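The next block holds one structure in the form of structure tokens; read it before the comments.
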Amino acid sequence: MSDTKGRHARRVSRAAARATGGSGRHRVISASAAAKGFGALIDRVRRERAIYVVERGGTPVVHIAPAPAARCTVADLVELCRSRAPVDEPYLAAVEAGVAFFNTPAPPVDAWER
């Protein structure tokens with residue numbers, strides 16, 4: 001009986017490794033355990049950068065992994081600005097009018113008046 005259990009564990013482990021790209025940095029969790037502690041699971045993924053393979057009935061169903069960090073450099077911003085179509089004058093005038101309108105200082109509030 002323990003041999004059958006051992007083979008099952010190895011099969012699940014290999015399937016889980018395939019599900020995560022074979023990185024070996026995965027942890028297996030049942031679907032019911034993931035559902036019961038989903039918030040804590042997400043916190044562990046974020047904090048530890050861990051990959052969890054969620055299984056249902058011993059079969060890997062999905063893996064939960066940290067999202068890749070979005071990175072943007074100043075060179076990316078410059079390239080984006082250069083690749084965009086030039087803006088026409090009426091649009092620029094409308095934007096400047098809106099900025100001027102919303103950047104007017106508010107009258108000071110007198111704390112003594114109620």
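The values are calculated or read from the model by the stated rules, or taken from the named source; none is laboratory data. Since the model is a prediction, treat every value here as computed from it, not as a measurement. Neighbour counts run over all protein chains shown; Cβ positions are idealised from the backbone, glycine included.
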Query - Boolean, GLU55 is at pLDDT 90 or above and of a type in the set (D, E, K, R) - result: yes
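Rundown of residues vs (1) under 18 Å from the mean Cα position of the chain (by Cα); (2) at pLDDT 90 or above; (3) surrounded by fewer than 12 Cβ atoms within 10 Å (Cβ to Cβ), yes/no style:
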position: ALA19; (1), (2), (3): no, no, no
position: GLY37; (1), (2), (3): no, yes, no
position: ARG47; (1), (2), (3): yes, yes, yes
position: ALA97; (1), (2), (3): no, yes, yes
position: ALA106; (1), (2), (3): no, no, yes
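Looking at the range 66-86, is at least one residue touching a strand residue (DSSP E or B) at 6+ places or on another chain (Cβ under 9 Å) and surrounded by 10 or more Cβ atoms within 10 Å (Cβ to Cβ)?
Keep residues of the range 66-86 that are touching a strand residue (DSSP E or B) at 6+ places or on another chain (Cβ under 9 Å), which gives 66.
Adding the requirement that they be surrounded by 10 or more Cβ atoms within 10 Å (Cβ to Cβ) leaves 66.
Within the range 66-86 (the criterion being touching a strand residue (DSSP E or B) at 6+ places or on another chain (Cβ under 9 Å) and surrounded by 10 or more Cβ atoms within 10 Å (Cβ to Cβ)), the answer is yes, since at least one residue qualifies.
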